[in-house]
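FYI, it's all coordinate maths here, none of it is from the lab. Model, not experiment: these values are computed from the prediction. Backbone-built Cβ (ideal geometry, glycine too); neighbour counts: all protein chains shown.
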Amino acid sequence: MNKIFTILAFSILIFMFGKTNAQVYNACKAQNEVYVDVVDDATGEVSRTLAKQDQYGNAAGNQYDLAVDGAFEGETIVVLQFYTGEGFDFSLPQAALKEKGFSVYRWMNQPPPAEELKEALDKACELWIISSNYQTLNAQHIEVIKEFFDAGHGVYIWGDNDPYYADANYVADALFGGQMLGNYMGNQVVGLKEAKTNSGLVPQHLITTGLQYVYEGITIASIQSNQYLKPLIYNSEGNIVAAYYDNDGKRAILDGGFTRLYISWDAAGTGRYVKNAAAWLVNYERFGENKSREPKKDK
C-alpha cells in the first residue's frame, strides 16, 4: 500500500511541476558509445550490445541525442546572423532544432536596435550570434546581451577563420574574456579526444552525447584558453575549435567553425551536435519548466 501511495504521490508532483530531468534528456545522456539492452526472443535473456551506428560511427537515431524530441516545444532561440555567405540560410540547423521543439527568430546582416533585441530576448531561452568580418554590435547591444547572459540564459557565439570573428570576439570578451584567433585548414572528421591524441571531442559531456565523431569545419579559428573556458572540440591540428563556459549558473559556447552550420552538414555528427548544444544551453538544470525565466525553486 505504501508503495502504491508513493508512486501516486510522485505522479501528482510530475503533473503539478512539469517534466523531470529524465523526461527532458534521453537515457544515454553524456554517453558517447551507446549500448542498449536486447532481449532474446527465444530465451528471454537480456544482453548489452552497441546501438546501431550510422555510416560515420555515431549511434543512429534521435533517441541517442541529448534531449528527447519535442522536449523544448514553445522555446525560442534568437539568432543574429551577420555572415550570410552563399548557401548559408540557416535552414539546416533550424530544421534540426525544430526536432527538439525550438523555434528560431532570426535577424540577418544587421542587428535590430538594442531595445528591440531586448524585447525578443525577453521571450527567448537562448541567443546565437554568427559573426562576420566587421563589427555590427555596439555597446548598447552588449549591455542587453550581458544582462541576458547574467540571468542564466545560454549564448552560442560562432566565428570562423580570420577575420570572421569580429562580433564573436567583441561579445565573448565582454561576457567572459573569450577570444578566437587564426586561420587553420580543417575539413576533417575528428573522433573522441584521448590522452594520447591531440584532436577530438571531449568525452562524456552532455553536449557530446551520442557522438564519437564530428566534422570540424573547413577553415576555422582557434579558441584561446582562459580560466573560464573549457575545451569541447580540438581540431585536427590540436587547436581548440569549440569551448564552453559553465560557471555560476551561466552557460555559453564559443566556436571557431561556423561553416559546420551549412557546409558538409551531412558529414559526421553536425546535426546531433547542434541539437545537443541547444539543449544544454537551455540550462534546464537551473530553470526547469519555469516559463517566467526565473531559477526553479526546490519543491
**OP:** With θ set to phi - 60°, apply the Karplus curve 6.51 cos²θ - 1.76 cosθ + 1.60 along segment 164-170 and write out the HN-Hα couplings as whole Hz, x wherever there is a Gly or Pro.
**Re:** 8, 9, 4, 6, 4, 5, 4
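Estimate the FRET efficiency between residue 105 and residue 194 by the formula 1/(1 + (r/R0)^6), using the beta-carbon distance for r and 45 Å for R0, to the nearest 0.05.
On the way: r = 40 Å, r/R0 = 0.88.
According to the calculation, E is roughly 0.70.
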Original post:
Summing -39500 (n - 2.57) over the DSSP H runs of n ≥ 4 in the chain and dividing by its residue number, what mean residue ellipticity at 222 nm do you reach, to the nearest 500 deg cm²/dmol?
Top reply: -7500 deg cm²/dmol
Subject >> Fewest-first ranking of 125, 28, using other Cβ atoms within 10 Å as the exposure measure >> reply: 28, 125
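Please go through the residue pairs 196/250; 52/250; 100/250; 100/196; 98/196 and name each one whose alpha carbons sit more than 30 Å apart in this structure. Could the numbers behind the result be given before it?
On the way: 196/250 32 Å; 52/250 35 Å; 100/250 21 Å; 100/196 35 Å; 98/196 38 Å.
Pairs exceeding the cut-off: 196/250; 52/250; 100/196; 98/196.
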Subject >> For segment 136-141, 3J(HN,Hα) per residue [Karplus equation, 6.51 cos²θ - 1.76 cosθ + 1.60, θ = phi - 60°, Hz, x = Gly/Pro] >> reply: 10, 7, 10, 4, 5, 4
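With a 10 Å Cβ neighbour count serving as the proxy for reagent exposure, in which order, fewest first, do 222, 131 appear? Could you put the intermediate results ahead of the total?
Numbers: 222 23, 131 30.
The most exposed by this proxy come first: 222, 131.
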**OP:** List the extent of the Cα atoms of segment 228-275 along each of their three principal axes, largest first, rounded to whole Å.
**Re:** 35, 25, 14
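Whole-Å semi-axes of the chain's equivalent ellipsoid, largest first, each the root of 5 times a Cα gyration tensor eigenvalue? Don't skip to the answer; put the middle values down first.
Numbers: eigenvalues 209, 134, 52 Å².
That gives 32, 26, 16 Å for the three semi-axes.
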Subject >> segment 48-166: translational diffusion in µm²/s, Stokes-Einstein, Kirkwood Rh over Cα pairs, 20 °C, 1.002 mPa s >> reply: 134
**OP:** Would you mind telling me which residue in 203, 113, 231 has the biggest mean-square fluctuation in a Gaussian network model of the chain, where springs connect alpha carbons within a distance under 10 angstrom?
**Re:** 113
Subject >> Gaussian network model of the chain, Cα within-10 Å springs - most flexible of 285, 216, 126 >> reply: 285
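Under a Cβ-only charge scheme (Lys and Arg +1, Asp and Glu -1), can you give me the dipole magnitude of the chain about the Cα centre, in debye to the nearest 20?
Numbers: 25 positive and 36 negative charges, 143 e Å.
Here the chain has a charge dipole of around 680 debye.
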**OP:** Would you mind ranking 39, 104, 79, 241 by Cβ crowding within 10 Å, fewest neighbours first?
**Re:** 39, 104, 79, 241
